[in-house]
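In what follows, a single structure is set out as structure tokens and then discussed.
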Amino acid sequence: MNGTAPRAVRLTGWGRYAPAQVLTNADLERMVDTSDEWIVSRTGIRERRVAGAHETTASMAAVAALRAIRTAGLEADDIDLIILATLTPDYWMPSTAALVKEAIGNTRAAAFDIAAACSGFVYGYATASAYIAAGMARHAVVIGAELLTRFLDYSDRSTCILFGDGAGAVVLSASDEETSTVGIELTTEPQGAYMIWLPAGGSKSPPSAETIARGEHKIRMEGRETYRFATRTLASTALAAVAKAGWQPEDVDLFVPHQANIRIIEAVAKGLDLPMSKMFVNLDRYGNTSAASVPIALAEAVNEGRVAIGDKLVFVAFGAGFTSGAVAMEWTADPELGRMGDAAVRPEDVTVRLPVDWDSVDPIPPALAEVLARPLPGHLDLSDVVPGEPEHVHRPR
Ligand code: ACO
């Protein structure tokens, strides 16, 4: 890493990757006692993506990162810092960021993971900004990537309907012009530590036949408490970042909130006295992708033409911990570049190296595998296909 003078920080690249496989609410109706009507009215979610057996958090992250690097007009080796936020790493060790570094063909960067659950991307953004501002890095990739569908209890209807898989990334670069990140707020409230958690697998309760039998390797959540925390904290954290930027909430052109539940986003809009048109929403198609949620939403918002140079944006997230984080920033990059970045990277060209002489067990939970093993699609809806991405296959319901 470079030791240079303090620098301004600009967002120069963005990219995303979503696996092709779609799990609809109708699919979930076949797994648990739920209904499309309940899920849509209580959460706003209609479908979510599910990673294939050949995919991992690192493989999805590598595609999103390379797309962000191409969008920024850079080569992989221009990057000197890789920060990856996830609660679903490929392994406990090494870090998923290390695997991504090799997969994208980078030889120079320091690479590490951070754990702040759904707020992880915002925490990573803040960390990378600080490295660049301190002169310790010139070009950093910040990735949020999750493979949550392998950590869900498909007999618990209150959690398995919420989550999906995917990855998003941004490049932050040192600049001689004005800094574009103008306000950051991060909070952690540990009294909520056991409101959303994964009980076993760590040093408090290492994996054993008993922890598996007790179902302790799956995500558990107190939905109502988490909901209460989310509505209160998303608004207050966003407001703190807006205040640090010297703005009023109405000055903000677009909020990119964590995509957990449409009712939470509506409550935040109401709390800030803002119209829903200022809130970017794509949770209907992805569900909650935890740390990947904000960077996927950001990349879509920009590529869909919702962001122009000079716009004031706020990214805001909340998650297990309880954590929350918000970034207020002014958009300075040409929005047109995002589609080119997407088109420049084909997922099939990106490989995460596997260990020699080592066979992993089938990673797909049996209940999920059963529902996904169904007849081939009757038609292909190509309306939201990103160039270079596997075809988005909508199966008949
Ligand atoms: N289908 C049908 N009924 C259901 C379902 C389902 N999928 N899930 C729960 N219900 C039932 C409950 O059993 C309950 O029935 P009862 O009244 O007979 O007991 C009823 O619906 C109401 O349950 P609530 O939990 O009160 O439902 P609520 O309106 O709070 O919605 C939800 C639940 C969607 C989970 C909501 O609380 C929520 O979104 N919470 C926040 C969750 C969140 O954002 N988590 C992400 C954290 S981020 C991270 O770090 C990973």
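Rule-based calculations on the coordinates, nothing more; no lab input. Computed from a predicted model, the values in this text were never measured in an experiment. Cβ coordinates were reconstructed from backbone atoms using ideal geometry, including for glycine residues, and neighbour counts include every protein chain displayed.
Computed quantities for the displayed model
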item: Candidate set: segment 314-338, residues that are surrounded by fewer than 24 Cβ atoms within 10 Å (Cβ to Cβ) and closer than 20 Å to A167 by Cα; chosen: the one nearest to the ligand (Cβ to nearest atom); result: A320
item: A344, sole failed condition from (1) touching a Ser or Thr at 6+ places or on another chain (Cβ under 9 Å); (2) surrounded by 15 or more Cβ atoms within 10 Å (Cβ to Cβ); (3) within 18 Å of G166 (Cα to Cα); result: (3)
item: Exclusive hit being surrounded by fewer than 23 Cβ atoms within 10 Å (Cβ to Cβ), away from the ligand (no atom under 16 Å from the Cβ) and over 30 Å from T332 (Cβ atoms), set E37, E47, E29, E55; result: E55
item: Test: residue in segment 83-98 that is over 19 Å from A320 (Cβ atoms), assigned to a loop (DSSP other than H, G, I, E, B) and within 14 Å of the ligand (Cβ to nearest atom); result: no
item: Set G201, G183: member being within 16 Å of the ligand (Cβ to nearest atom) and either of a type outside the set (D, E, K, R) or under 20 Å from the mean Cα position of the chain (by Cα) (or both); result: G201
item: One residue from A291, A269, A301 being among the small types (G, A, S), within 17 Å of T233 (Cβ to Cβ), away from the ligand (no atom under 12 Å from the Cβ) and part of a helix (DSSP H, G or I); result: A269
item: Residue that is nearest to the ligand (Cβ to nearest atom), among those in segment 147-175 that are assigned to a loop (DSSP other than H, G, I, E, B) and among the hydrophobic types (A, V, I, L, M, F, W, C); result: I161
item: Leading residue by the ranking (nearest to the ligand (Cβ to nearest atom)) among those in segment 102-126 that are in a strand (DSSP E or B) and over 24 Å from F163 (Cβ atoms); result: F112
item: Residue match in segment 231-253 (condition: within 26 Å of M340 (Cα to Cα) and either in contact with a Gly (Cβ under 7 Å, 6 or more places away or on another chain) or not in a helix (DSSP H, G or I) (or both)); result: yes
